[in-house]
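Okay, structure first, notes after.
The values are calculated or read from the model by the stated rules, or taken from the named source; none is laboratory data. For clarity, every value in this text was computed on a predicted model and none was experimentally measured. Virtual Cβ from ideal backbone geometry, glycine too; neighbours counted across all protein chains shown. Note: areas computed on protein heavy atoms with side chains; ligands, DNA, RNA excluded. Shrake-Rupley method; radii C 1.70, N 1.55, O 1.52, S 1.80 Å.
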Amino acid sequence: MAAIPVAAVSAAAWAALCGLAAFGVVVTVGWVLSPRADDGLGVPLESAGLVWLVSHHAGVTVGPATLTLLPLALTLVPLSLLRAAGAWAARITAVQGWLDQALLVLAGTTAYSLIAFGVSQVCDLGGAATVSVGMTVGWSGLVAVIGLSLGILSAKGGWPTVWSSLPEFVRAALAGAVATGAALIALSAVVGVVAVLARWSQVVGLGQALGSGWTDAIGVCLLSLVYLPNLLMWVLAYISGPGLIIGGGATASVFSVTGGLLPSIPVLAAVPSEPGRGAPLLLLLVVAAGVLGVVIVQRHWSFELRDQVGALIVSTTIVSIVVLVFMWLSGGALGAARLGYLGPRPLLTALSVWALTTAGGLVAALISALRRPRVLDAGGDPTL
């Protein structure tokens, strides 16, 4: 059996090197196909390092532009690699108990953060780019903690083991939260697709204005894909009421669209110039997600009304906290002026999601209770 620190450092190094190699291949292919392929091999290598850092949500400053609007989809790459590395380290060390697992995560996270720090010091594009040391170490450490912990969990039996050890009430609340969250994502995706299709000509026209070559088209498509989770969060912010801030003071919600010109980003052409009369009805989609959470709880657990309401409040609170985190992560800057901030209002959106999903769940629980036949207890009093 390998020593825990050695296995942890080896796992962290493997995850970092694989991530750098994966981004390096993609960036190098793009560099070869671009008209700037004569800049020297150092450019794609340093760019790959910057993209790897960006995948950990480390903000990058290139010239006068500060980039903090980072694609959430890229984070899946280091998370997946760290999960695999954590599972491998747990298996070869046969960790026992929480202390061994904590030591494995701590040692791996420290090594991974140091690697990220080293990458940030050498990838500066000839002095044109800078990376915040604090953001690099902090965010890479957080990603490492999550990824390695998930890997150890999978090596120790996975979620079924954890699920079976939870009390019934906690299971019900978590099941309701998962159902509500999944419904919010699915409904946001549907609304987003419909919005893009409804204004397809404007989206395509703006994309063509950014570049006429096929490499430009591929680049725009790839950027849209890596920013897809961010866009889903933006749609959720839109349909839940608070809406979006789209740079330069422009805002968009189901109630109004105000401000100046939108940034020249193709997907933003899907934002309507003004909401239709029925746009506020989109709030009912968020309400419906809360209803689904209660339906799932009722289908699998026979709780009294009081316990249903308790599970509902816990589940919608969990969903709102997750929404708050992802709303915060999904926004940021792509530069100055109209690109100064793009994204949702995290706190307002989370509160709105909580209020709407809780309202929908309460209505569903009350209707179900009223429809349930009353029975007489031993004293002859009717109970639900």
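Observations, loosely collected:
Matching residues to (1) closer than 21 Å to residue 296 by Cβ; (2) within 16 Å of the chain's Cα centre (by Cα):
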| residue | (1), (2) |
| --- | --- |
| 326 | no, yes |
| 329 | no, yes |
| 333 | no, no |
| 341 | no, no |
| 344 | no, yes |
| 355 | yes, no |
| 359 | yes, no |
| 363 | yes, no |
| 366 | yes, no |
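- Filtered residues of the range 179-198 (kept if open to solvent by 60 Å² or more (accessible area, probe 1.4 Å) and in contact (Cβ under 8 Å) with a residue 12 or more places away in the chain): 185, 198
- Residues being at pLDDT below 85, in contact with a strand residue (DSSP E or B) (Cβ under 9 Å, 6 or more places away or on another chain) and either in a loop (DSSP other than H, G, I, E, B) or more than 20 Å from residue 281 (Cβ to Cβ) (or both) - total across the range 241-265: 9
- Selection status of residue 142, open to solvent by 40 Å² or more (accessible area, probe 1.4 Å) and either modelled with pLDDT of 85 or more or part of a helix (DSSP H, G or I) (or both): yes
- Odd one out for residue 130 among (1) of a type in the set (Ser, Thr, Tyr); (2) touching a residue at least 40 places away in the same chain (Cβ under 8 Å); (3) over 30 Å from residue 293 (Cβ atoms); (4) assigned to a helix (DSSP H, G or I): (4)
- Every pair of residues 6+ apart whose Cβ atoms lie under 7 Å, when the first sits in the range 240-253 and is closer than 12 Å to residue 347 by Cα while the second is surrounded by fewer than 21 Cβ atoms within 10 Å (Cβ to Cβ) and of a type in the set (Lys, Arg): 242/345
- Looking across the range 75-107 at every residue that is outside any helix (DSSP H, G or I) and at negative phi, the one that is surrounded by the fewest Cβ atoms within 10 Å (Cβ to Cβ) is identified as 96.
Residue by residue, here is whether (1) assigned to a helix (DSSP H, G or I); (2) in contact (Cβ under 8 Å) with a residue 24 or more places away in the chain; (3) open to solvent by 40 Å² or more (accessible area, probe 1.4 Å); (4) touching a His at 6+ places or on another chain (Cβ under 9 Å) holds:
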site: 56; (1), (2), (3), (4): no, yes, no, no
site: 73; (1), (2), (3), (4): yes, yes, no, no
site: 115; (1), (2), (3), (4): yes, yes, yes, no
site: 136; (1), (2), (3), (4): yes, yes, no, yes
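- Cross-chain or 6+ apart pairs with Cβ under 7 Å, the range 156-170 first and over 19 Å from residue 84 (Cα atoms), then surrounded by 12 or more Cβ atoms within 10 Å (Cβ to Cβ): 163/171; 168/301; 169/307; 169/311
- There is no residue in the range 368-380 that is modelled with pLDDT of 85 or more, open to solvent by less than 70 Å² (accessible area, probe 1.4 Å), out of contact with any strand residue (DSSP E or B) (no Cβ under 8 Å at 6 or more places or on another chain) and at negative phi.
Residue-wise test of (1) more than 22 Å from residue 228 (Cα to Cα); (2) hydrophobic (A, V, I, L, M, F, W, C); (3) open to solvent by less than 70 Å² (accessible area, probe 1.4 Å).
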site: 301; (1), (2), (3): yes, yes, yes
site: 304; (1), (2), (3): yes, no, no
site: 311; (1), (2), (3): yes, yes, yes
site: 314; (1), (2), (3): yes, yes, yes
site: 324; (1), (2), (3): no, yes, yes
site: 331; (1), (2), (3): no, no, yes
site: 348; (1), (2), (3): no, yes, no
site: 356; (1), (2), (3): yes, yes, yes
site: 363; (1), (2), (3): yes, yes, no
